[in-house]
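The values are calculated or read from the model by the stated rules, or taken from the named source; none is laboratory data. Quick caveat: nothing in here was measured; it's all calculated off a predicted structure. All Cβ positions, glycine included, derive from the backbone under ideal geometry; neighbour counts span all protein chains shown. Surface areas here come from the heavy atoms of the whole protein model, side chains and all, with no ligands, DNA or RNA. Shrake-Rupley method; radii C 1.70, N 1.55, O 1.52, S 1.80 Å.
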Amino acid sequence: MAYLLVAPSLLLILLIAIWPVLQSFYYSLFDLRLNNPTKSEVTLSYHLDLEKYLNSYPFLINVLEDEAGKAKGSPAETLNGLISELKEVDAGIKEDSAVKKQYEQVDDKLTNMEPVSEELSSVKVDKSDALKLDRTLHKVTSEVKGLKGLKNEEDALGLSSSLNEAVIKPNFIGFDHYKNNLTDKRMWMAIWNTSAFTIVSVFLELVIGLAIAVLINKAFFGRGLVRATILIPWAIPTAVSAKMWQFLYDGQNGVVAHIFEKVGLVGSATDLLTTNLGAMFSIIFTDVWKTTPYMALLLLAGLQTISSSLYEAASIDGASKWRQFTTITLPLLKSSILVALLFRTLDAFRVFDLVFVLTGGGPANSTETISILAYKRMFEQTNFGDGSALSVIVFVCVAVISMIFIRFLGRDLLTDR
């Protein structure tokens, strides 16, 4: 009965959280590139693009036969041998009745100038036939280049190359994407940038948020208005606030940039978005400004659960405010701090929109986070296999962070080991 009661929740978790990760892991095992027609889909077996094949094969045979008819001696024998091998491979491909049927259908449509559907054009072929065709085409290319005096050499090489593209090979590569990424300096730099951003921003948000939470937990005139005002930065969409701060950081007209220059935080107003350290400082400062109210709100909820009688008893016993804070507030606020830290750390480690709008990962990839890198690989370079591998790496990092928090900070809060 207990399992039946939790089954709907487990099913939702599986569909919403686990299934996308499994799907990304599956895609990461393939060399999946949307800008390459032969690798635009997951392929586990050898296929032949019949439309491309029949648009090249007959013409290649005609070119070689024409050259063989003009040549004499050894060149003619070489060309006739290549023609025989190509025809033998073509006959081997058509031995399968299913392949032969599609072959004839596509041939008829091309003859009648009719469009060929992708489903009809693609046909599964034996590995031996596909490899034999690949070897024969490489041989045609090398032999044609070796022969001198051919009038249609460029046509023969172009048709051979086009025919070779008709062979769609399996794009399963296993864990090669992970192997390449784990030895890629750019990925480790993205991990370092993400970790530095996460640690510094979350620490500042915790300290400042805790101070704000303690302040607005006190009873004073206008407390409701102050609470509402503090939440304004958090209520602004991240992309909007990032664009706003981009104008404020501008070295020419940015008010904040010139204030920081006068105060001495930066050497020049233009350093904020044009230098490595200045850009990292900019995104951290913006994130702290925006997300500290969220941290304060979570901690305020925890402070509301602490009974005021504990502080009254401590005051009667002569405990100072700092003593009350360290012996009453912090211990009883531990669960709220754990939740706030966990949420903010996971959110900060997955940061994308703030960096994407504010710096785009620059200058010179100095603020490029792991999520930005995954986006560039997956969408800008259309390398879905590598981008999926980076997404899985992000998931693993987030899972490790979660386990660390629960293991070291919340062990006494959880009775289920």
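Ranking Met403, Met1 by solvent-accessible area of protein heavy atoms (1.4 Å probe, all protein chains present), from largest to smallest, gives Met1, Met403. Over region 156-280, one equal point on each Cα, no solvent: what is log10 I(q)/I(0) by the Debye formula at q = 0.16, 0.19, 0.20, 0.21 Å⁻¹? Taking Cα atoms of region 156-280 as identical point scatterers yields -1.06, -1.22, -1.26, -1.28.
Each peptide in 15-23, 265-273, 328-336 receives the mean, over its residues, of other Cβ atoms within 10 Å, and ordering these scores from highest gives 265-273, 328-336, 15-23. Between Phe175 and Ile232, the distance separating the two model label sites (each 7 Å from Cα on the Cα→Cβ line) works out to 5.3 nm. Computed over every Cα-Cα pair of region 103-149 and binned at 5 Å starting from 0, the pair-distance distribution P(r) comes out as 5, 17, 15, 13, 15, 17, 12, 6, 0 percent. Determine, from the Cβ-Cβ distance of Glu104 and Asn276 and an R0 of 60 Å, the FRET efficiency 1/(1 + (r/R0)^6), rounded to the nearest 0.05. The pair Glu104/Asn276 has a calculated efficiency of 0.45.
When only Cα pairs below 8 angstrom with a gap of at least 6 residues are kept, the chain shows a relative contact order of 22 percent.
For Lys218, the aspartates and glutamates whose Cα comes closer than 15 Å to its Cα, not counting residues fewer than 8 places off in the same chain, are Glu312. Applying 0.36 nm per residue to the separation of Ala91 and Asp347 and subtracting their alpha-carbon distance, the gain on full extension is 86.2 nm. Only helices enter this figure: runs of n ≥ 4 DSSP H residues, each worth -39500 (n - 2.57), summed and divided by the residues of the chain, yield -21000 deg cm²/dmol at 222 nm to the nearest 500. For region 136-156 versus region 189-244, the inter-centroid distance based on Cα atoms is 68 Å.
In whole angstrom, region 245-381 maps to an equivalent ellipsoid with semi-axes of 40, 21, 10, each derived as √(5λ) from the alpha carbon gyration tensor and ordered largest first. The order of the peptides 288-299, 226-237 by mean Cβ neighbours within 10 Å, most packed first, is 288-299, 226-237. Gyration tensor analysis over the Cα atoms of region 19-75 returns equivalent ellipsoid semi-axes of 43, 11, 8 Å (largest first, whole Å). Put a dot 7 Å past the Cα of Ile13, heading toward its Cβ, do the same for Asn80, and the two dots end up 7.4 nm apart. With the simple spin-label model, which puts each label point 7 Å out from Cα in the Cβ direction, the Leu5 to Trp188 separation comes to 5.0 nm. Helices meeting the span-like rule in the chain (full DSSP H runs, Cα extent of at least 30 Å along the helix axis, mean Kyte-Doolittle score of 0.5 or higher): 185-216, 276-303, 384-408. Once the Cα-Cα distance is subtracted from the 0.36 nm per residue extended length, the Val207 to Asp126 segment shows a gain of 22.7 nm. Charge dipole (Cα centre; +1 on Lys/Arg Cβ, -1 on Asp/Glu Cβ; no other charges) of the chain amounts to roughly 2100 debye. Calculated over region 1-142, the projected area of the Cα convex hull averaged across directions stands at 13.5 nm². Estimated at 0.36 nm per residue, the fully extended path between Val398 and Lys139 surpasses their Cα-Cα distance by 88.2 nm. Convex hull of alpha carbon positions in the chain: directionally averaged projected area 34.2 nm².
The equivalent ellipsoid that matches the C-alpha gyration tensor of region 160-211 spans semi-axes of 47, 12, 10 angstrom, in descending order. Of the residues Ser74, Ser282, the one with the largest accessible area comes first in the ranking Ser74, Ser282, computed with a 1.4 Å probe on protein heavy atoms. Is there a pair in Lys100/Lys127; Lys262/Lys376; Lys262/Lys321 whose C-alpha atoms are over 27 Å apart, and which pairs would that be? Going by Cα-Cα distance, Lys262/Lys376; Lys262/Lys321 fall outside the 27 Å limit. The 1.4 Å probe gives accessible areas that order Arg223, Arg344, largest first, as Arg223, Arg344. Sorting the segments 313-326, 240-253, 115-128 by their mean number of nearby beta carbons within 10 angstrom, highest to lowest, gives 240-253, 115-128, 313-326.
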